[in-house]
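So the structure is just underneath, and the comments pick up after that.
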Amino acid sequence: MPKIAEIENTPNPNALKYILKEPLTWGIARSYDNAAQAVDDPLAAALFAIEHVTNVFYVDHWITVTQDGKADWQELKRRIAEPIREAPAADERSAQIAAAAAQPAADMSEADLARLDRINDLLDAEIRPYLQGDGGDVYVVSLEGNKLTVHYQGACGSCPSSLSGTLAGIENLLKSIEPDIEVVAA
């Protein structure tokens, strides 16, 4: 049962980030844009059962919950805290699943896998810490030729700046190692 250490605002006024004392997962990011997607995840399903919740994203020691902008955060954050406190903490199985999920895509060439590793290393070093600090993240969906498709998660998923400034910043950064790369959001 994770205890909440603190609750932080994010750049997205409709999202709050809950910092936990115990992890919910070990490296496995879970991101849901609606209740139908969360049906097999008891924590996310419980959060979507709360009126006004529109997105749930969590990994390790934090969870970001986004609302539709129609609720009072003071009341809503208390209601959101209940299912978070009742959720089980991460277990050994979560760590095993994380290790299995880290396996490379079987349909990519060795050269593309190496490119993807370099891209992810740069994202890990320069982009993800800031997005995670704000209650979100970016996930690489695909690399096809010079087109990199990314998906924003958590607070970043509905933040206006993620599809403008942040996306351009990611593309400009990646051009330092891949001059012809085009970055698009899915």
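Being modelled with pLDDT under 90 and surrounded by 17 or more Cβ atoms within 10 Å (Cβ to Cβ) is the filter here; which residues of segment 144-184 pass it? VAL150, TYR152, GLN153, GLY154, ALA155, CYS156, GLY157, SER158, CYS159, SER162, THR166, LEU167 - these are the residues of segment 144-184 that are modelled with pLDDT under 90 and surrounded by 17 or more Cβ atoms within 10 Å (Cβ to Cβ).
Against the numbered list (1) within 18 Å of the chain's Cα centre (by Cα); (2) among the acidic types (Asp, Glu); (3) loosely packed, with under 13 Cβ neighbours inside 10 Å, ASP137 comes up short only at (3). Considering segment 9-32, the residues that are surrounded by 16 or more Cβ atoms within 10 Å (Cβ to Cβ) and of a type in the set (D, E, K, R) include one that is nearest to ALA71 (Cα to Cα), namely LYS17. Once segment 33-45 is narrowed to residues that are farther than 17 Å from ASP137 by Cβ and not in a loop (DSSP other than H, G, I, E, B), the residue that is most open to solvent (accessible area, probe 1.4 Å) is PRO42. For segment 63-79, name all the residues that are more than 22 Å from GLY133 (Cα to Cα), assigned to a loop (DSSP other than H, G, I, E, B) and open to solvent by 40 Å² or more (accessible area, probe 1.4 Å). Passing the criteria: LYS70, ASP72. Restricting the first member to segment 102-123 and to residues that are open to solvent by less than 100 Å² (accessible area, probe 1.4 Å) and of a type in the set (D, E, K, R), and the second to residues that are at pLDDT 80 or above and not in a loop (DSSP other than H, G, I, E, B), the beta-carbon pairs closer than 9 Å and six or more apart or on different chains are ASP112/LEU143; ASP112/GLU144; ARG115/LEU143.
Anything in segment 114-152 that is in a helix (DSSP H, G or I) and touching a strand residue (DSSP E or B) at 6+ places or on another chain (Cβ under 9 Å)? List them, or say none. Within segment 114-152, ARG115, LEU116, ILE119, ASN120, LEU123, ARG128, LEU131, GLN132, GLY133 qualify.
Taking residues in segment 172-186 that are without any contact (Cβ under 8 Å) to a residue 60 or more places away in the chain, and partners anywhere that are open to solvent by 40 Å² or more (accessible area, probe 1.4 Å) and not in a loop (DSSP other than H, G, I, E, B), the pairs with Cβ atoms closer than 6 Å and at least 6 places apart or on different chains are LEU173/GLU126; ILE177/ARG118; GLU182/LYS147; VAL183/GLU171; ALA185/LEU163; ALA186/VAL141; ALA186/HIS151. Take the conditions basic (Lys, Arg) and open to solvent by 20 Å² or more (accessible area, probe 1.4 Å) and apply them to LYS3. Does it pass? Spelling it out, LYS3 is indeed basic (Lys, Arg) and open to solvent by 20 Å² or more (accessible area, probe 1.4 Å).
The values are calculated or read from the model by the stated rules, or taken from the named source; none is laboratory data. Keep in mind the model is a prediction, meaning the values are calculated, not measured. For neighbour counting, all protein chains shown are included, and Cβ atoms are generated from backbone atoms with ideal geometry for every residue, glycine included. Calculation scope for accessible area: heavy atoms of the full protein, side chains included, ligands and nucleic acids excluded. Shrake-Rupley method; radii C 1.70, N 1.55, O 1.52, S 1.80 Å.
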